[in-house]
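The structure under discussion appears below in the form of structure tokens.
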Amino acid sequence: MRIAEETVANALANELAVGGTSPARRGAKDLGHADQKVLSIFEPHTDLIVTGKRDPLYGHKVCLTTGKSGLLIDCQVLDGNPNDTTLAVDAIERVEQIYGQPPRQAAFDAGFRSTANLHKIKDLGVEDVVFNKGG
């Protein structure tokens, strides 16, 4: 256990030396260049995910697609923190690639909503497209 504590202490000291003040001191909104920092000594490829009003999250962004039964039909583990609006059309294209046809209906949460996405998804052959209103 002592080795793990020393490793964490060294990693924190290195972050302070390289990145200036710690994220806790700067606040959640000003995290600096996360791509230049080691966010996890156990998973060096961990991403920083900042979402709207929430505190930053650490891990990997995952895009899940389910069928009308609720069963998972596609899963993508994404690099970095791409904006949800860039993922909607790709999700439909992946379903079409896997099943040979687009779904008849598609529902997305508010983060995926854009007029461009609506038109592109309709052009792919999806009859009914719904984006949650959000808040």
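Quick notes on this structure:
- The range 58-135 shape via C-alpha gyration tensor axes, a/c threshold 1.5: oblate
- Counting every other Cβ atom within 10 Å of each residue's Cβ, Phe112, Phe131 order from fewest to most as Phe131, Phe112.
- Percentage relative contact order, the range 54-93, counting C-alpha pairs under 8 Å, at least six apart: 34
- Ranked Ile73, Ile98, Ile92, criterion: other C-beta atoms within 10 Å, fewest first: Ile98, Ile73, Ile92
FYI, it's all coordinate maths here, none of it is from the lab. Nothing here was measured: the structure is a model prediction, and the numbers come from that model. Counting neighbours? That spans all protein chains shown, and the Cβs are built from the backbone with ideal geometry, glycine included.
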